[in-house]
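Here is the structure we will look at, set down as structure tokens.
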Amino acid sequence: MTNTIAMKMELPKVPDIELVALNGLALLGKHLGIADDKIGEARILVTEAVINALEHGGKEHPKVEVEFTMTSRELTIFVRDYGKGFVPSEVEQPDIKLKIGSRNKRGWGLKLMQSMSDDFRIDSTVEGTKITIKKKLV
């Protein structure tokens, strides 16, 4: 039987609030005996997802919902905001050659999350965006 732990939180839009999610993630990982390097990778995913959600979330609902479901083998990260949404296929892919000489070094979050995930899904409408990330931990 696989031990499953789930944690849900609603984060207000305040500076450094992503640290609450990261601390919760680390504690769950420690409880299940997950390797530090895998938790480190998961922390990057959570940081990107939460910061993006807080940045692009709506002003009328300045909060982000975060949920982790973890076993000793896999982590599922769910992040939801209440912004205006976007069309994922229309997001410009960052080009390293152009970014090096540019003042704008931003725009890597979605690509980074996708490349570090075992499964990455975006569901975005005018009522907000939901990101679901699966990460193998073994």
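Each reported figure results from applying straightforward, stated rules to the coordinates on display, with no laboratory input. Quantities reported herein were computed from a predicted structural model and do not represent experimental measurements. Here Cβ is always computed from backbone atoms with ideal geometry, including for glycine, and neighbour counts include all displayed protein chains.
Computed from the C-beta positions of Thr69 and Leu112, the FRET efficiency with R₀ = 25 Å rounds to 0.70.
Extending 7 Å from Cα along the Cβ direction at Thr76 and again at Ala35 yields two label points whose distance is 2.4 nm.
The HN-Hα couplings worked out from phi for the range 4-13 by the Karplus form 6.51 cos²θ - 1.76 cosθ + 1.60 (θ = phi - 60°) are 10, 10, 10, 9, 10, 8, 10, 9, x, 7 Hz, whole numbers, x standing for Gly and Pro.
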